[in-house]
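Colleague: Structure below; questions to follow.
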Amino acid sequence: MSRRMLRTVRRCAAAAVMGALLAGCGSTAAETGDKGEGGAGARTDVKVEPIDAARSVTDVKGVTVATKAAPRRVVCLVALCDDMLAELGMTPAATNSGLLAHPKFLGREKAAKIPVVPGGFLAPEAEAILSHQPDLVIGLEDTHGKLAPALKGATVFWPVQPGSWEDSVGYLRNLAALTGRTSQGEAAEKAFRAKLAEAESARSDKTALIIFGSDENFGVATPGNDVAAGLFPKIAHYPWKSRGVDGTYSMEEILAADVDVLFVETLSFGGPSEGKLSDKLAKNPLWSRIPAVQNGEVHEVDSEVWAKGRGTRSLGIVLDEATAALK
């Protein structure tokens, strides 16, 4: 797969079921710098404001969502939706994400009982969505916004577009207000904030890197383009910055950055049989010269959680796995 295709698909489908297409965002570049606090920002506030139940909310992107009653049947077209429902003690009426199969969500057996929306992430079928009689449908704005006309009048469609962990928390609070599950929302936010603050207090001086892809045309996850990557400047040295849609990032540049710990998201069309991205990159002679590779610090991670989840539970898992590796 070409670099351009990889970038395009991840930008559109970072929360997708991978049977549909690869997920991709803009390729990136590393900026030189010391291993200090650069990019870490202010320490996370662990205080959680009360959430009030509401029939109408305006989200972090300025979208107003109103429901006549507390939603009980929610169809998820993006994994953030599944994550939020799990945090609120709910399950979707239908989904197109594989996130819930993770053991820290429902596990494979229970997740298999939830209906799957046909059409995949990029082309979910409106008729199939409505067959589940949803009170609310949550999808990714830049991918599922085109469904709005087909759903109008039959249900409420909520387009989300998280760009940071703060956005994800905001969406969680909004959904907690709409569903009336305010105490669950507050508890989930509090747990995540506490975990992030703890990770910040033990910030590593190691250089970390998250890469994604299916073959030699890999990409680098960067803050602003990737919610999970946005956590990393707070917990480690993460000098990677986006070059925009047309940028590329080479193995030579990665080698020059002296990466200590490397996290790999293997994305594929056909499932595990296609092999791990780290094994494919091992064919590049420069790969073995990266410090993380030499020291056995290459960690294949679950792309359903790391690339697609983007909610507080998924990000909590990312923090757990990242901080353990960065010690």
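Colleague: Any residue in segment 61-74 that is modelled with pLDDT of 95 or more sitting within a Cβ distance under 6 Å of a residue that is aliphatic (A, V, I, L, M) and part of a strand (DSSP E or B)? List the pairs, counting only those 6 or more apart or interchain.
Modeller: So the pair list comes out as 65/57; 67/156; 71/136; 74/136.
Colleague: Assuming residue 143 fulfils every condition listed in (1) polar (S, T, N, Q); (2) more than 17 Å from residue 78 (Cβ to Cβ); (3) touching a residue at least 60 places away in the same chain (Cβ under 8 Å) apart from one, which condition is it?
Modeller: Residue 143 satisfies all of (1) polar (S, T, N, Q); (2) more than 17 Å from residue 78 (Cβ to Cβ); (3) touching a residue at least 60 places away in the same chain (Cβ under 8 Å) except (2).
Colleague: All but one of (1) open to solvent by less than 20 Å² (accessible area, probe 1.4 Å); (2) over 13 Å from the mean Cα position of the chain (by Cα) hold for residue 184, so report the exception by its number.
Modeller: With respect to (1) open to solvent by less than 20 Å² (accessible area, probe 1.4 Å); (2) over 13 Å from the mean Cα position of the chain (by Cα), residue 184 is out only on (1).
Colleague: On to the next question. Of the numbered conditions (1) modelled with pLDDT of 90 or more; (2) closer than 30 Å to residue 152 by Cα; (3) among the hydrophobic types (A, V, I, L, M, F, W, C), residue 48 satisfies every one except a single condition; which is it?
Modeller: (2)
Colleague: Then there's this: Could you tell me how many of the residues in segment 146-163 are open to solvent by 30 Å² or more (accessible area, probe 1.4 Å) and under 20 Å from the mean Cα position of the chain (by Cα)?
Modeller: 1
Colleague: Take residues that are among the charged types (D, E, K, R) and tell me which of the helices (runs of 4 or more DSSP H) falling wholly in segment 39-148 contain 2 or more.
Modeller: Passing ranges, in order: 79-87, 108-111, 141-144.
The values are calculated or read from the model by the stated rules, or taken from the named source; none is laboratory data. Everything quoted here is computed from the prediction, not taken from an experiment. All Cβ positions, even for glycine, are placed from backbone atoms using ideal geometry, and neighbour counts span all protein chains on display. Only protein heavy atoms, including side chains, enter the accessible area calculation; ligands, DNA and RNA are left aside. Shrake-Rupley method; radii C 1.70, N 1.55, O 1.52, S 1.80 Å.
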